[in-house]
Ligand SMILES: [Fe+2]
């Protein structure tokens, strides 16, 4: 599915090039792939696969890596951003590459001032779907979705420790705004994937929307039914009738 993409990342990382050259090559690979509708649908499919595979009852699904290269210790991850949300400023201990998979994102960079110790914003880079950048170690930054729509980003992260301990790969700084981005992360991912599949509208899209429908909670299934109408109104009607039956079963007063 995304094997060619992963192979091209591996190939670049196996070269003897300077890290900056490698990062520029990885940026170009991500940029080229993000222009391809099939690539973006394959990303959606990989995210839904992780939802299918999620069996940990103690931990909520939180955008796990869609790929991890054990030997080179890099992971590929897709993260979904609610509207008007930014994460805490942080600094990866190693390199990363980030592209916008859906909608738009701002990346703010900061410098740490001494006496008193505080962060000062240096610049804001606004990026829309298809735009890609890389971060060398030591760059303090945060990600912000300033729009009223969900956004999605695709990342190649270098993992310096275990894939299961992502917190060890970055230093996080406090922020007065506290958001728990884990809450509702699966629903947010599904609704973002739904937007991507609805916008692309090729043969694969309807199958993905069907899988999204099955994962969505009852209250959100209608979003998927609306998207189905774009592809096949009679199929959408069938799903709507089914949804109405589920609604009746769940909310009937007697
Ligand atoms: Fe980051």
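When you scan region 44-56, do you find a residue that is within 14 Å of the chain's Cα centre (by Cα), surrounded by fewer than 20 Cβ atoms within 10 Å (Cβ to Cβ), away from the ligand (no atom under 15 Å from the Cβ) and without any contact (Cβ under 8 Å) to a residue 40 or more places away in the chain, even just one?
yes
Give just the number: which of (1) surrounded by fewer than 19 Cβ atoms within 10 Å (Cβ to Cβ); (2) touching a residue at least 24 places away in the same chain (Cβ under 8 Å); (3) farther than 23 Å from residue 82 by Cα does residue 239 not satisfy?
All conditions pass for residue 239, except number (1).
Surrounded by 17 or more Cβ atoms within 10 Å (Cβ to Cβ) and over 26 Å from residue 145 (Cβ atoms), is that true of residue 6?
yes
Only one of (1) surrounded by fewer than 20 Cβ atoms within 10 Å (Cβ to Cβ); (2) assigned to a strand (DSSP E or B); (3) at pLDDT 95 or above is not met by residue 79, so which one is it?
Of (1) surrounded by fewer than 20 Cβ atoms within 10 Å (Cβ to Cβ); (2) assigned to a strand (DSSP E or B); (3) at pLDDT 95 or above, only one is false for residue 79: (1).
Given the structure, is residue 13 assigned to a helix (DSSP H, G or I), modelled with pLDDT of 95 or more and over 16 Å from the mean Cα position of the chain (by Cα)?
yes
Filter region 99-120 down to the residues that are surrounded by fewer than 19 Cβ atoms within 10 Å (Cβ to Cβ) and either closer than 17 Å to residue 33 by Cα or more than 15 Å from the ligand (Cβ to nearest atom) (or both) and list them by number.
Scanning region 99-120 gives 104, 111, 112, 113, 114, 115, 116, 117, 118, 120.
Can you spot a residue in region 196-209 that is touching a strand residue (DSSP E or B) at 6+ places or on another chain (Cβ under 6 Å), touching a residue at least 24 places away in the same chain (Cβ under 8 Å) and either closer than 23 Å to residue 39 by Cα or assigned to a helix (DSSP H, G or I) (or both)?
Yes, there is a match, as at least one residue in region 196-209 is touching a strand residue (DSSP E or B) at 6+ places or on another chain (Cβ under 6 Å), touching a residue at least 24 places away in the same chain (Cβ under 8 Å) and either closer than 23 Å to residue 39 by Cα or assigned to a helix (DSSP H, G or I) (or both).
Just to be sure before I move on: is residue 126 without any contact (Cβ under 8 Å) to a residue 60 or more places away in the chain and either in contact with a strand residue (DSSP E or B) (Cβ under 8 Å, 6 or more places away or on another chain) or within 11 Å of the ligand (Cβ to nearest atom) (or both) in the structure I sent?
Here the answer is yes, as residue 126 does meet what is asked.
Which one is modelled with the highest pLDDT, of the residues in region 82-98 that are out of contact with any helix residue (DSSP H, G or I) (no Cβ under 8 Å at 6 or more places or on another chain) and within 11 Å of the ligand (Cβ to nearest atom)?
Once the filter is applied, the top-ranked residue is 98.
Exactly one of (1) assigned by TED's automatic domain parsing to the domain that holds residue 67; (2) within 26 Å of residue 220 (Cβ to Cβ) is unmet by residue 191. Its number?
(1)
The values are calculated or read from the model by the stated rules, or taken from the named source; none is laboratory data. Remember, predicted model here, so these are calculated numbers, not experimental data. A quick note on method: Cβ atoms are made from the backbone with ideal geometry, for glycine too, and the neighbour counts reach across all protein chains shown.
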